1. Within the stretch 158-190, track down each residue that is touching a residue at least 12 places away in the same chain (Cβ under 8 Å), open to solvent by less than 50 Å² (accessible area, probe 1.4 Å) and within 20 Å of LEU66 (Cβ to Cβ).
2. Under 7 Å between Cβ atoms, at least 6 apart or on separate chains: pull out the pairs that start in the stretch 282-304 with a residue that is closer than 30 Å to GLU203 by Cα and in a strand (DSSP E or B) and end on any residue that is hydroxyl-bearing (Ser, Thr, Tyr) and open to solvent by 10 Å² or more (accessible area, probe 1.4 Å).
3. When you scan the stretch 292-329, how many residues do you find that are open to solvent by 60 Å² or more (accessible area, probe 1.4 Å) and within 29 Å of GLY245 (Cβ to Cβ)?
4. Taking the criterion of being modelled with pLDDT under 95 and part of a loop (DSSP other than H, G, I, E, B), would at least one residue in the stretch 10-25 satisfy it?
5. Can you confirm whether the stretch 162-174 contains a residue that is under 16 Å from the mean Cα position of the chain (by Cα) and either part of a helix (DSSP H, G or I) or at pLDDT 95 or above (or both)?
6. If I ask for residues that are without any contact (Cβ under 8 Å) to a residue 24 or more places away in the chain and either over 18 Å from VAL295 (Cα atoms) or surrounded by 15 or more Cβ atoms within 10 Å (Cβ to Cβ) (or both), which ones from the stretch 204-219 would you list?
7. Here's a check for you: in the stretch 249-268, which residue that is buried (at least 21 other Cβ atoms within 10 Å of the Cβ) and touching a residue at least 60 places away in the same chain (Cβ under 8 Å) is nearest to the chain's Cα centre (by Cα)?
8. Checking SER226 against (1) free of Cβ contacts under 8 Å to residues at least 60 places away in the same chain; (2) open to solvent by less than 50 Å² (accessible area, probe 1.4 Å), which test does it fail?
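The values are calculated or read from the model by the stated rules, or taken from the named source; none is laboratory data. Only a predicted model underlies this, so the values are computations on that prediction, with no experimental measurement involved. Here the Cβ positions follow ideal geometry from the backbone for every residue, glycine too, while neighbour counts run over all protein chains shown. These area figures cover heavy atoms from the full protein model, side chains too; ligands, DNA and RNA do not enter into them. Shrake-Rupley method; radii C 1.70, N 1.55, O 1.52, S 1.80 Å.
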Amino acid sequence: MNQTRSTGAIDEVLQQFEGYRRELCAYAYRMLGSSFEAEDAVQEAFTRAWKSYDSFEGRASVRSWLYKITTNVCLDMLDGPQRRARPMDLNGPSSPSSPIPPPQPDYVWIEPIPNGLAFGADPAEHATAKDSLRLAFVAAVQHLPATQRAILIMREVLRFSANETADMLTMSPASVNSALQRARATMSKVQPDSGDGYDESDEKQRQLVDGFVRAFEAYDMDALTSLLKKDVALSMPPIELWVSGPGNIAEFMLGPGPSACNGSRLIPLEGANGLPAFGQYKPGQRPGVLEPWAVVILELDGDGIGGLNFFLDTERLFPLFGLAPELRV
């Protein structure tokens with residue numbers, strides 16, 4: 001870096017980088033399946049960009065240049081066989097009376113991302129980005145080889161042209177188009193129907209979410225199951241077990257799950273993965289004090305709830321979502 005660059009010029013460059021942080025973080029999250037790794041990747045990309053800024057020739061936009069650097073960082077981080085998944089990607093549903101297995105390492109699982117890390121202030125941007133941040137989409141993308149993953153996201157989500165994508169990946173446009181066709185074929189096989197998105201202005205969706213909160217906090221299984229779709233799935237990363245169907249979910253919550261559910265409170269979040277989300281606190285050992293239990297994300301499907309996702313790694317996730325370490329009631 002040219003040491004004679006003025007403080008004002010340095011600030012201008014860094015401010016320019018910061019303007020792209022959220023969209024780059026969302027891109028890296030789709031690539032990596034972890035909001036923590038995505039933040040690390042963007043920070044490393046900014047470091048590399050800062051160090052090489054004097055050699056930036058301006059033949060592409062700063063945005064494209066930052067995407068190219070972020071892509072290289074992500075590809076470096078993906079240099080291994082491990083892919084993140086959801087519990088339902090690894091095995092079939094469990095009996096609601098099954099013993100709860102020990103947790104798996106955090107790198108096994110798709111993790112949630114707060115809306116605030118992924119979306120800017122423009123509501124129109126939210127609408128176009130939400131679908132590709134859903135848990136089901138991010139999990140499906142993990143089935144692709146790393147370069148195909150980048151190409152699919154660049155072309156189909158970010159709408160870069162074949163030429164722009166080829167330049168960022170140092171490939172030919174023909175190779176990009178060929179890889180995109182292979183990626184699409186794989187996605188058509190592994191991507192499930194992810195249900196509906198969440199529109200905060202939709203009164204019916206708001207009522208559905210509010211009904212879930214009331215039923216869950218009241219520990220009313222009849223009211224809760226009336227809101228669930230027949231093929232609803234409940235998962236609890238980092239635990240591998242998952243349960244399918246309203247009846248099985250009610251049995252699970254009344255059996256292995258009561259200590260975590262009965263008496264719980266849900267604190268609304270600004271959203272995660274473009275979906276309604278909550279911080280769940282459960283009764284602990286101290287009277288009047290509720291302890292962290294999960295970040296809860298609801299997947300909506302028409303007039304019902306198709307997915308209940310309880311992310312139990314509160315030590316890492318509660319600070320990420322700005323949740324307090326305890327709740328006094």
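1. Within the stretch 158-190, LEU158, PHE160, ALA162, THR165, MET168, LEU169, VAL176 qualify.
2. Sorted first by the residue in the stretch 282-304, then by its partner, the pairs are PRO292/THR314; TRP293/THR314; ALA294/THR314; LEU300/TYR198.
3. To start, the set of residues in the stretch 292-329 that are open to solvent by 60 Å² or more (accessible area, probe 1.4 Å) comprises 293, 303, 315-316, 319, 322, 325, 328-329.
Adding the requirement that they be within 29 Å of GLY245 (Cβ to Cβ) leaves 293, 303.
The number of residues fulfilling the criteria is 2.
4. Scanning the stretch 10-25 turns up at least one residue that is modelled with pLDDT under 95 and part of a loop (DSSP other than H, G, I, E, B).
5. Here is the first cut: in the stretch 162-174, the residues under 16 Å from the mean Cα position of the chain (by Cα) are none.
The answer is no; no qualifying residue exists.
6. As a first pass, look at the stretch 204-219 and keep what is without any contact (Cβ under 8 Å) to a residue 24 or more places away in the chain: 206-207, 210-211, 214-215, 218.
Listed by number, the residues that qualify are ARG206, GLN207, GLY211, ALA215, ALA218.
7. ILE249
8. Of the numbered conditions (1) free of Cβ contacts under 8 Å to residues at least 60 places away in the same chain; (2) open to solvent by less than 50 Å² (accessible area, probe 1.4 Å), the odd one out for SER226 is (2).
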